[in-house]
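A quick write-up on the structure given underneath.
The values are calculated or read from the model by the stated rules, or taken from the named source; none is laboratory data. None of these values were measured; they are calculated from a predicted model. Here the Cβ positions follow ideal geometry from the backbone for every residue, glycine too, while neighbour counts run over all protein chains shown. Accessible surface areas use protein heavy atoms only, side chains included; no ligands, DNA or RNA. Shrake-Rupley method; radii C 1.70, N 1.55, O 1.52, S 1.80 Å.
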Amino acid sequence: PSAGELDVDDPEETGDTFVANAILKARHVAKATGLPALADDSGLVVPLLGGAPGILTARWAERETGERDFPWAMERLRQAVVANGGGTEGTVEAHFVCALAVAWPDGAAEAVEGRIDGHLVWPARGGRGFGFDPIFQAEGREETFGEMAPEEKLAINHRARAFARLKAALID
């Protein structure tokens, strides 16, 4: 069951890294339920922008109303890139990161990170996926994440890489 199904609210994400936030969330749920818990934190990192949006990726898309608007956020990101000297399609490096953490009720935790490198493209391409997928093109790929078939994206993305590392850390 999910934390919501167990009636556990999300904790405030106060960590300064993806790993810190994933551990914070997993420990919160494990402590509240007395069960082992798995949590993630993920986002888009643009080195040209000092790592932004980074751990604030979802918040980058929040309007004043609290609603998330990713087309608006993609344009906001493009403007920030241009303002910082970037903007040529295919030359702005970026990567997606996913941190996964497993925590046990005693507070012990194991965390890993998965990453996929690529670059940003404008205009946005594709209506699949979510978030910043339509402007992210993984290294060696012709399509953006927004254009890829879901099973193709899921086989190579940052989450798949994080789960492979977590499996290796906990089982292999």
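Looking only at residues that are touching a Phe, Trp or Tyr at 6+ places or on another chain (Cβ under 9 Å) and small (Gly, Ala, Ser) in region 81-105, which one is nearest to Arg141 (Cα to Cα)? Here the residue is Ala94. Scanning region 115-172 for residues that are in contact (Cβ under 8 Å) with a residue 60 or more places away in the chain, within 21 Å of Asp69 (Cα to Cα), of a type outside the set (A, V, I, L, M, F, W, C) and in contact with a strand residue (DSSP E or B) (Cβ under 9 Å, 6 or more places away or on another chain) turns up just one, Gly131.
The condition (being open to solvent by 10 Å² or more (accessible area, probe 1.4 Å) and either within 15 Å of the chain's Cα centre (by Cα) or farther than 19 Å from Gly129 by Cβ (or both)) is satisfied by just one residue among Ala30, Ala39, Ala61: Ala39.
Does Asp106 fit the bill of being at pLDDT 95 or above, surrounded by fewer than 20 Cβ atoms within 10 Å (Cβ to Cβ) and in contact with a strand residue (DSSP E or B) (Cβ under 8 Å, 6 or more places away or on another chain)? No; evaluated as a whole, the condition is false for this residue.
Among the conditions (1) loosely packed, with under 15 Cβ neighbours inside 10 Å; (2) without any contact (Cβ under 8 Å) to a residue 24 or more places away in the chain, Pro71 misses just one, which is (2). Report whether or not Thr91 is farther than 30 Å from Lys31 by Cα, β-branched (Val, Ile, Thr) and open to solvent by 10 Å² or more (accessible area, probe 1.4 Å). Yes.
Put simply, of Glu113, Glu93 the only residue that is over 24 Å from Ala3 (Cβ atoms), of a type in the set (D, E, K, R) and either modelled with pLDDT of 95 or more or outside any loop (DSSP other than H, G, I, E, B) (or both) is Glu93.
For region 1-88, which fully contained helices (runs of 4 or more DSSP H) count at least 2 residues that are within 27 Å of Ala101 (Cα to Cα)?
Numbers: elements: 18-33, 57-60, 70-83.
Hits in region 1-88: 18-33, 57-60.
With respect to the stated conditions, Asp106 fails to be under 24 Å from Phe18 (Cα atoms) and in contact (Cβ under 8 Å) with a residue 24 or more places away in the chain. I'm checking my understanding of the structure. Among residues of region 116-144 that are under 23 Å from Val19 (Cβ atoms) and open to solvent by less than 40 Å² (accessible area, probe 1.4 Å), which one is modelled with the lowest pLDDT? Filtering region 116-144 for residues that are under 23 Å from Val19 (Cβ atoms) and open to solvent by less than 40 Å² (accessible area, probe 1.4 Å), the one modelled with the lowest pLDDT comes out as Gly131.
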